[in-house]
Amino acid sequence: MNRREYLKLMLAGSVGTGFLLNSCTSEDLETSREIIADGSYGRTEEEALRDEQLYQSDDFFTDHERCTVEVLVDFIIPADETSGSATDAGVPDFIEFMMKDIPTMQVPTRGGLMWMDNQCRKRFDNVFVDCLESQQKELLDDIAYPDEASDDMQYAVRFFNRMRNLTATGFFTSEMGVEDLDYQGNRTNVWDGVPEDVLKKHGLSYNEKIIDECVRPEDRNKVAEWDENGNLIRG
């Protein structure tokens, strides 16, 4: 399993994409896209104003730090045949915003970027962004696997974990990342009844009335109507 697939499964599990996705209409999907594009759904005026202030404030990352972040996140989620890289999806902008939104991240993140440069200077006589790709990968391999990292790498391991989490979150909540996940949103489950082999095992079966009223695939998207006696009305 490659790195992108691992991150995709990690995020997909957290949002419940394991649900069966059979009953959302095309109108529902279009409405959802419009809500997402508008960007204001679920936001109070105060929250929207604060977001705008953060977007308009001075950049946190220096130009050099920004370049380092771009190289780093593209190691975490590189481009593949399905979609672009983390930078293509705007992840550096997302991380920039998070630095402003959660100021306690600023010092550890800046310190981690400086650590990378210092290590590269010691090993390769260059800063991280100017190293060969093989050299960059060598450094990241030392901090990307917590169970294998040495004790003197634990600060950098925590830094890399944080950047990996930010990268996965930024990518898979972007338009590109959502398309990469093929996430369709929450939809109602479909029930096709108890499997036939399970029914047989317990000596049970459905009668025609239950099948007709409850297990009709062609009626999945229809709203049921009942008369005053509790009988299902077709139509």
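Summary table
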| item | result |
| --- | --- |
| Pair list, Cβ < 6 Å and 6+ apart or interchain, from segment 193-213 residues that are among the hydrophobic types (A, V, I, L, M, F, W, C) to residues that are open to solvent by 60 Å² or more (accessible area, probe 1.4 Å) | LEU199/SER205 |
| Matching residues in segment 75-91 - criterion: being buried (at least 19 other Cβ atoms within 10 Å of the Cβ) and free of Cβ contacts under 8 Å to residues at least 40 places away in the same chain | SER85, THR87 |
| Residue, farthest from ASP88 (Cα to Cα), within segment 149-189, restricted to residues that are small (Gly, Ala, Ser) and under 13 Å from the mean Cα position of the chain (by Cα) | GLY185 |
| Matching residues in segment 54-65 - criterion: being in a helix (DSSP H, G or I) and surrounded by fewer than 17 Cβ atoms within 10 Å (Cβ to Cβ) | LEU54, TYR55, GLN56, ASP63, HIS64 |
| Odd one out for GLN154, checked against (1) farther than 19 Å from VAL69 by Cβ; (2) modelled with pLDDT of 95 or more | (2) |
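Each row is one residue, and each column tells you yes or no for (1) in contact with a helix residue (DSSP H, G or I) (Cβ under 9 Å, 6 or more places away or on another chain); (2) open to solvent by 70 Å² or more (accessible area, probe 1.4 Å); (3) in a helix (DSSP H, G or I); (4) at pLDDT below 60.
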position: LEU20; (1), (2), (3), (4): no, yes, no, yes
position: ARG43; (1), (2), (3), (4): yes, yes, no, no
position: GLU52; (1), (2), (3), (4): no, yes, yes, no
position: LEU72; (1), (2), (3), (4): yes, no, yes, no
position: ASP93; (1), (2), (3), (4): yes, yes, yes, no
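The values are calculated or read from the model by the stated rules, or taken from the named source; none is laboratory data. Just so it is clear, the structure is predicted and the values come from calculations on it, not from any experiment. Ideal geometry is used to build each Cβ from the backbone, glycine not excepted, and the neighbour counts take in all protein chains shown. When the accessible area is computed, the model is the full protein with side chains, heavy atoms only, and any ligands, DNA or RNA have been set aside. Shrake-Rupley method; radii C 1.70, N 1.55, O 1.52, S 1.80 Å.
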